[in-house]
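Here it is, the structure, as structure tokens.
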Amino acid sequence: MNTAAHSLAPEEHYIAEEPYYEAVGDEIAIFEAAYKNRLPVLLKGPTGCGKTRFMEYMAWRLKRPLITVSCHDDLTASDLVGRFLVKGGETVWVDGPLTRAVRVGGICYLDEIVEARKDTMVVIHPLADDRRALPMEKLGQLLEAPADFCLAISYNPGYQSVLKDLKQSTRQRFVAMEFDYPAPELERKIIANEAKVDAALAEKLVKFAQLTRNLKGSGLEEGASTRLLVHAGKLISSGVEPVSACRAAVAQAITDDADMLAAVEELSSSIF
């Protein structure tokens, strides 16, 4: 049995070029202070508002490798920590993404943490308090995190059910930052930059988004995110008619309800 196969390869997790990110408040300073003090970070906010891009930017800024895990219903503690596998007739231990991040002193970002199975919380709790240690029960080891390791998690509080809310025993371990869609002026700037469209078109897309966001709770679970507006802008810049682009990139992405689809398409027609 071989327990030395860790496959760290941290170089593939470094962000080589500066990601485009526009700060909306003091989130950069807060994250840097949390990192300096070895505090875990919680990002909360709606889907597509820039949480993942922010993490990429901070990893680049801090010059640390970033290992991102998109959490889902079947994600287990073993998926995060690692497991024994048979390779070439030999049983070897293979690190999971969380263990790799701890070993190399990187940033581990668990996106939409509440989607993961409950046993994952048992694993991250010791990493998110003063212990800063990762229990590896299958190896009988306790892996201590180096000073430059950072644990970050995210979730969307407006979208989760009561059964998938983040427990106080978890959230009170973290420095929390709330994200939301940017102010209209900043969102126009982001869309123009990311989708390579002119300011006039970016302004129309933002107006359209605000109309859809007003429908949240009245038939829509979420309005158009900044990410979806960028998608629509890219379709339009590639020659797709604006209304068709908004239908494909926004309306169809946020609802399957026929009445709501018609309502959202009517909104885009009124703008474009």
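The values are calculated or read from the model by the stated rules, or taken from the named source; none is laboratory data. Keep in mind that what you see is a predicted model, and the values were worked out from it rather than measured. Here the Cβ positions follow ideal geometry from the backbone for every residue, glycine too, while neighbour counts run over all protein chains shown.
Across the stretch 210-252, what is the number of residues that are outside any helix (DSSP H, G or I), of a type outside the set (A, V, I, L, M, F, W, C) and crowded, with 16+ Cβ neighbours inside 10 Å?
The total comes to 3.
Can I ask one more? Taking L201 as the residue in question, decide whether it is hydrophobic (A, V, I, L, M, F, W, C) and closer than 15 Å to T47 by Cα.
So L201 does not fit the description; no.
Examine the stretch 255-265 for a residue that is under 25 Å from the mean Cα position of the chain (by Cα) and either under 19 Å from G48 (Cβ atoms) or part of a helix (DSSP H, G or I) (or both), and state whether such a residue exists.
Checking the stretch 255-265: at least one residue is under 25 Å from the mean Cα position of the chain (by Cα) and either under 19 Å from G48 (Cβ atoms) or part of a helix (DSSP H, G or I) (or both).
Here's another thing I want to ask about it. Restricting to the stretch 22-41, and then to whatever is more than 17 Å from F149 (Cα to Cα) and crowded, with 17+ Cβ neighbours inside 10 Å, can you tell me which residue is farthest from the chain's Cα centre (by Cα)?
The residue in question is V24.
Pick out the one residue from V123, V114, V81 that is buried (at least 18 other Cβ atoms within 10 Å of the Cβ) and closer than 15 Å to S154 by Cβ. Please lay out each step first, then the result.
Working: V123 fails: closer than 15 Å to S154 by Cβ; V81 fails: closer than 15 Å to S154 by Cβ.
Answer to the selection: V114.
Also, I was wondering about something else. Consider the stretch 39-78. How many of its residues are in contact with a Pro (Cβ under 8 Å, 6 or more places away or on another chain) and more than 28 Å from I254 (Cβ to Cβ)?
4
Here's something else I'd like to know. Can you list the helices (runs of 4 or more DSSP H) lying wholly within the stretch 59-132 that have 2 or more residues being over 30 Å from E17 (Cα atoms) and touching a residue at least 12 places away in the same chain (Cβ under 8 Å)?
Values: elements: 77-81, 97-104, 119-124.
Once the helices (runs of 4 or more DSSP H) in the stretch 59-132 are filtered for at least 2 residues that are over 30 Å from E17 (Cα atoms) and touching a residue at least 12 places away in the same chain (Cβ under 8 Å), what remains is 77-81, 119-124.
Let me ask something else about it. State whether one or more residues within the stretch 42-59 are surrounded by fewer than 20 Cβ atoms within 10 Å (Cβ to Cβ), more than 16 Å from the chain's Cα centre (by Cα) and not assigned by TED's automatic domain parsing to the domain that holds E194.
no
Could you please find all residues in the stretch 60-78 being more than 16 Å from the chain's Cα centre (by Cα) and buried (at least 19 other Cβ atoms within 10 Å of the Cβ)?
Matches in the stretch 60-78: R64, A77.
Please give the number of the condition E222 fails out of (1) assigned by TED's automatic domain parsing to the domain that holds H72; (2) within 18 Å of the chain's Cα centre (by Cα).
Condition (1) is where E222 drops out.
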